Amino acid sequence: MDGKGWLGKSFFRVLQALLPTFCRLCGGPVLETPVPWICGACWGKVRWLTGPVCPRCGFAFPSPEALTHSPGHLCGNCRDKEPPFALARAAGAHEGALREAIHLLKYGRKHSLGKKLGRFLLPSAGALPTPEVVVPVPLHPSRLRHRGFNQSLLLADAVCRRLDVPLDHGALQRVRPTRPQVELTPEERKANIRGAFAVLRPERIEDKRVLLVDDVFTTGATVSECARVLRKAGAQEVVVATLSRSG
Ligand SMILES: [Zn+2]
Ligand SMILES: [Zn+2]
């Protein structure tokens with residue numbers, strides 16, 4: 001590196017350290033906050049899903065008394081069709097600062113957020129039965145090349161370190177590229193994701209309790225398809241932890 005380039009870079013770093021960052025939500029200065037690029041006030045408004053949820057899929061019931069008289073009451077979706085995963089839990093509602101933080105991680109290329117946000121995934125992951133292996137929802141190689149990293153792998157890595165459970169990011173692969181689920185209706189999501197995953201190393205998950213990690217649970221189509229494929233390949237049980245949940 002020539003002297004001029006080095007000097008330029010150092011000057012830029014000093015400027016970065018001196019200038020305040022502004023919150024991506026409210027535009028206020030970001031001072032003391034657990035999450036970079038989001039101010040403490042906005043982060044404080046995140047709606048963590050600590051109220052009553054569907055005991056199977058983690059859907060947040062609107063009424064705080066939903067489970068008072070029947071603690072095993074399942075949501076409509078789980079009653080209509082049993083999900084292929086044993087349990088699913090999400091940390092927070094997919095709105096406001098949490099949605100923005102996930103957006104920054106995925107599309108804003110702020111991959112340092114992976115570790116920070118992974119910490120917030122822990123309460124929901126920790127409430128699930130202790131897994132023997134943690135598997136992130138994989139990206140197709142073409143999307144991975146474009147994005148440069150898999151956000152679910154970053155979150156799963158943070159969870160593994162805290163739970164002291166091995167991470168396996170090679171057993172489950174995305175073998176078919178798919179359209180982004182966000183553009184699709186619930187029915188289209190299911191069709192879009194069907195056959196997109198394969199277990200290429202079944203010996204790594206066989207007879208094991210698997211914790212599947214993803215960033216967002218929307219209709220559950222993606223994690224359901226992953227769980228179905230993992231179970232078919234011999235996983236004893238699949239539980240799901242996501243950072244956020246919409247719907
Ligand atoms: Zn803010
Ligand atoms: Zn449910």
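The values are calculated or read from the model by the stated rules, or taken from the named source; none is laboratory data. Values in this document were obtained by computation on a predicted structure and should not be read as measured data. Using ideal geometry, Cβ is built from the backbone for each residue, glycine included, and neighbour counts are taken over all protein chains shown.
Taking the criterion of being touching a Leu at 6+ places or on another chain (Cβ under 8 Å) and closer than 28 Å to Ala127 by Cβ, the residues of the range 16-36 that qualify are Val35, Pro36.
Inspect all residues belonging to the range 30-37 and state whether any of them is within 16 Å of ligand 2 (Cβ to nearest atom), part of a loop (DSSP other than H, G, I, E, B), under 24 Å from the mean Cα position of the chain (by Cα) and touching a residue at least 24 places away in the same chain (Cβ under 8 Å). No, the conditions are met nowhere in the range 30-37. For the residues Arg99, Arg89, Arg109, Arg119, the requirement of being within 16 Å of ligand 2 (Cβ to nearest atom) and charged (D, E, K, R) singles out Arg89.
Residues in the range 85-97 include none that are free of Cβ contacts under 8 Å to residues at least 24 places away in the same chain, within 20 Å of Val213 (Cα to Cα) and not small (Gly, Ala, Ser). Checked against the criterion of being among the aromatic types (Phe, Trp, Tyr) and exposed (fewer than 13 other Cβ atoms within 10 Å of the Cβ), the range 101-114 has at least one qualifying residue.
Taking the criterion of being within 16 Å of ligand 1 (Cβ to nearest atom) and within 20 Å of Ser124 (Cα to Cα), the residues of the range 37-84 that qualify are Trp43, Gly44, Lys45, Val46, Arg47.
Within the bounds of the range 58-75, is there any residue that is assigned to a helix (DSSP H, G or I) and at pLDDT below 95? Looking for residues that are assigned to a helix (DSSP H, G or I) and at pLDDT below 95, one finds none in the range 58-75, hence no. Checking each residue of the range 86-96 against the condition of being over 19 Å from the mean Cα position of the chain (by Cα) and in a loop (DSSP other than H, G, I, E, B) gives no match.
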